Every structure is written in structure tokens, then in C-alpha cells.
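Trainee: I am attaching a structure below and will ask some questions about it afterwards.
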Amino acid sequence: MKQRHWYDYLWLWSLLYFALGFFNILFAWLGMIDFLVPLFIALIGGNKAFCNTYCGRGQLFQQLGGRWKWSRDVKAPRFLSSKWFRYGFLTFFMTMFGTMVFQTYLVASGGRNLTESIKLLWTIRVPWGWTYEAGTVADWVAQYSFGFYSVMLTSTIIGLALMILFKPRTWCTMCPMGTMTQMICKIKAKEKL
Amino acid sequence: MKKIAVVDRARCVACGACRKVCPRTAITMYKGCYAEIDREKCVGCGLCAKTCPGTLIEIVERGEV
């Protein structure tokens, strides 16, 4: 048995994140850590230490799908790890992310009212108003919280579905963060994209 | 005949799932680009191949590579 380190328990952080956002949506901002740290590691260190060691999401899938065997553990369709699909999904994901940021901007500039709901899989609107008391912070800060939480929850739902259907960490092959950080690493290492 | 793991480097996403399960610490991530197998250490046990989320690792006879 390999020695366990503190960072082997970061899957608990993944769970805690969603729990916190269930009570107070402003905690959604903490998700920026999972967004910025991998990028900084890739930009400065030129490696994917985040994916490899610290990603709580990947660990969660490994824990549930691997250790607890909630995964069929069969080969995933080959296209999921193909370049066109990975770059395509990254483009789609960033477009949706950009839309979310733009909506935050609209709320900030007064062009749109704060919407106290989250959107799952970019389509299903779910009321989430109990997690926020109007006026606690600037409206745009709250709007971004709802938006970012939606992004995090959506990707986890897709990841869990892939985990059950295929291998525990199938999500990792198409994860936009993973694709983005690998892109940075490949450019830095002068490898073919 | 002894065996060894071979990674499809072009498709590898360098997620590190294989590195985590390798009982011989024979796998490293080359500059965040792809998984690299240490030929000296690998015993071809196949744990990495089974874990790889993209099923991009093959266990082959050593003579073939």
C-alpha cells in the first residue's frame, strides 16, 4: 500500500465545494482556485501537476468509480480522447463560460437583473434562491457565483455520467482544464499540439 | 517473454491516472505532455493500461519495441 498524503484527500474538497454552495452561493467563488491554480502551474511550471496530483475532481471519480466500483470500467468510445473532440469541447465550454461572464457584466452594468438560479447542462434552469439573500454583496458578484456554480456542477454531472458508463476518470480525457493546461505545456515544451 | 507498457503519446492527455496506480513508480509525465514509461522499471503488469481513462496504454512483448 502506498503512503497516503494530505493531497490524496482533495476529493473531499470537491464534495465540500458543492455542499457549501448549497447553503451559500457566494462560496462558488472558491471554485476559481480550481480554475486558476492549474493554469498557473502549467504556465510557470510547465507541467500538469494539478491534474496528476491535486485535482479533487479526478480523485472523486477515482474514489467513487475505482475504489467504490460505481463504474462499469469499460473502454470509452475512442472519439472522446480524440483531438478534434477535445479541442471542440474546450471551445464549446469556453464559449459557454464567456456567455456566463457576459451575463455577469450585464448585471454589473444594470442591463439585466440578478437571476437567483443555476443552469444545469447549459439548458435546465434550477431555482437556487435560498442560497442568497439579496443585497448581501453587489449583484454581479452574486450573479457570477450562480454562474460559476452552474459550470462546476454541470461538468461534475457529465463527469459522473462518464464515470458510471466508462472508466472512472473518463472525464479527464475531455476535461477543458486538462486540455487547456496540456496545450500550454505542449507549447512550452515545443511539442506538437 | 517479458512485457512492457507502451503509451499512445499522440492521444495521451497526461492526466496522471496511470502514474498513480503504477506499483513500480515507472511512469512520469513528460513536461505535462504525455506519460513516459521507464523501460528499466516497468514489469508490464498492466495496471496502468487498465486504469487509463482513454485506454491508450498497451502491454506488449518487450521484443516488439
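Trainee: Report, by residue number, each residue of the range B:45-65 that is part of a loop (DSSP other than H, G, I, E, B) and either over 10 Å from the mean Cα position of the chain (by Cα) or surrounded by fewer than 20 Cβ atoms within 10 Å (Cβ to Cβ) (or both).
Mentor: Of everything in the range B:45-65, those that are part of a loop (DSSP other than H, G, I, E, B) and either over 10 Å from the mean Cα position of the chain (by Cα) or surrounded by fewer than 20 Cβ atoms within 10 Å (Cβ to Cβ) (or both) turn out to be B:Cys45, B:Gly46, B:Pro53, B:Gly54, B:Thr55, B:Val65.
Trainee: Another question, then. In the set B:Arg11, B:Arg19, which member is closer than 21 Å to A:Cys172 by Cβ, in a helix (DSSP H, G or I) and within 8 Å of chain A (Cβ to nearest Cβ)?
Mentor: B:Arg19
Trainee: If you go through the range A:5-23 one residue at a time, do you hit one that is assigned to a helix (DSSP H, G or I), within 15 Å of the chain's Cα centre (by Cα), within 14 Å of chain B (Cβ to nearest Cβ) and touching a residue at least 40 places away in the same chain (Cβ under 8 Å)?
Mentor: So far as the range A:5-23 goes, yes, one or more of its residues are assigned to a helix (DSSP H, G or I), within 15 Å of the chain's Cα centre (by Cα), within 14 Å of chain B (Cβ to nearest Cβ) and touching a residue at least 40 places away in the same chain (Cβ under 8 Å).
Trainee: Consider A:Phe148 carefully, then state whether it is surrounded by 19 or more Cβ atoms within 10 Å (Cβ to Cβ) and part of a helix (DSSP H, G or I).
Mentor: Yes.
Trainee: Return the pairs, sorted by first residue and then second, in which the second residue is crowded, with 18+ Cβ neighbours inside 10 Å and at pLDDT below 95, the first residue lies in the range A:26-41 and is on the phi > 0 side of the Ramachandran plot, the beta carbons are less than 6 Å apart, and the residues are 6+ apart or on different chains.
Mentor: Qualifying pairs under 6 Å: none.
Trainee: Just the residues that are open to solvent by 10 Å² or more (accessible area, probe 1.4 Å), more than 8 Å from chain A (Cβ to nearest Cβ), of a type outside the set (Val, Ile, Thr) and not in a strand (DSSP E or B), please, taken from the range B:24-38.
Mentor: Answer for the range B:24-38, where residues must be open to solvent by 10 Å² or more (accessible area, probe 1.4 Å), more than 8 Å from chain A (Cβ to nearest Cβ), of a type outside the set (Val, Ile, Thr) and not in a strand (DSSP E or B): B:Arg24, B:Asp38.
Trainee: Restricting the search to the range A:39-82, which residues are facing chain B (nearest Cβ under 9 Å), basic (Lys, Arg) and outside any helix (DSSP H, G or I)?
Mentor: A:Lys48, A:Lys75, listed by residue number.
Trainee: Among the residues of the range A:152-193 satisfying the criterion of being open to solvent by less than 30 Å² (accessible area, probe 1.4 Å) and of a type in the set (A, V, I, L, M), which is farthest from the other protein chains (Cβ to nearest Cβ)?
Mentor: Our first condition is that a residue be open to solvent by less than 30 Å² (accessible area, probe 1.4 Å); within the range A:152-193, this holds for A:152, A:154-156, A:159, A:162-163, A:167-176, A:178-179, A:181-182, A:185-186, A:189.
Now drop any that are not of a type in the set (A, V, I, L, M), which leaves A:152, A:162-163, A:174, A:189.
Numbers: A:Met152: 19, A:Leu162: 9, A:Met163: 9, A:Met174: 8, A:Ala189: 4 Å.
The selected residue is A:Met152.
Trainee: Restrict the check to the range A:97-107 and report whether at least one residue is under 19 Å from A:Met32 (Cα atoms), of a type in the set (A, V, I, L, M, F, W, C), open to solvent by 40 Å² or more (accessible area, probe 1.4 Å) and in a helix (DSSP H, G or I). Break it down into steps so the answer makes sense when it comes.
Mentor: Going residue by residue through the range A:97-107, those that are under 19 Å from A:Met32 (Cα atoms) are A:97-105.
Then drop every residue that is not of a type in the set (A, V, I, L, M, F, W, C), which leaves A:97, A:100-102.
Pick out the ones that are also open to solvent by 40 Å² or more (accessible area, probe 1.4 Å) and you get A:101-102.
Cutting the leftovers down to in a helix (DSSP H, G or I) gives us A:101-102.
Yes - at least one qualifying residue is present in the range A:97-107.
Trainee: Residues in the range A:108-136 that are in contact (Cβ under 8 Å) with a residue 40 or more places away in the chain and open to solvent by 70 Å² or more (accessible area, probe 1.4 Å): how many?
Mentor: Qualifying residue count for the region: 1.
The values are calculated or read from the model by the stated rules, or taken from the named source; none is laboratory data. Quick caveat: nothing in here was measured; it's all calculated off a predicted structure. Note: ideal-geometry Cβ built from the backbone for every residue, glycine included; neighbour counts use all protein chains shown. Surface areas here come from the heavy atoms of the whole protein model, side chains and all, with no ligands, DNA or RNA. Shrake-Rupley method; radii C 1.70, N 1.55, O 1.52, S 1.80 Å.
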